[in-house]
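Take a look at the structure below.
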Amino acid sequence: MSMGPAAGGVQPGSVAAPGSQARPQSPEDEDRKVRRREKNRVAAQRSRKKQTQKADKLHEEYECLEQENTTLRREIAKLTGELRHLSEALKEHEKMCPLLLCPVNFGQVRPDPVASCLPR
C-alpha cells in the first residue's frame, strides 16, 4: 500500500511546509534557502558561544565566592578564638583587679574604672 501526496505522504526530494503545495524550487529560491540556513547556523553558533561564555563567567564567580567564603569562615574562627581568649583574660583580671575588689570604688562614680588599671 503506497501513500501518495493525496494520502498525506511526502514525495522524495520535496521539502514543503505543512499545508502548502510542493512546487519546484527556482535557483533563486535555493540560493535564498542556503543563505538563510547559513545565517541561522552562524546565529546558532553565536548563541551557543554566548551561552557558554555566560556559564564560564558564572562558574568563575562561583569559585571566587567559594574562596571568599572559606577565607571569611577562617577569619570568623580566628576571631572567635581571640574573643574566647580575651574573655578568659578579662575573667582572670576581674578576680584580682584592685578597683573591682575595693568596696570604696563602688560608691564613687568614675568615668572608666578599667582604664585606670591599664599602664600609662
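Residue under question is residue 43, and the condition is that it be open to solvent by less than 80 Å² (accessible area, probe 1.4 Å) and at pLDDT 95 or above; does it hold?
In short, yes.
Restricting to the range 64-92, name every residue that is open to solvent by less than 100 Å² (accessible area, probe 1.4 Å) and either in contact (Cβ under 8 Å) with a residue 12 or more places away in the chain or β-branched (Val, Ile, Thr) (or both).
70, 71, 80
The values are calculated or read from the model by the stated rules, or taken from the named source; none is laboratory data. Not measured: the values here are computed from a predicted model. Ideal geometry is used to build each Cβ from the backbone, glycine not excepted, and the neighbour counts take in all protein chains shown. We work out accessible area using only protein heavy atoms, side chains counted, and drop any ligands, DNA or RNA first. Shrake-Rupley method; radii C 1.70, N 1.55, O 1.52, S 1.80 Å.
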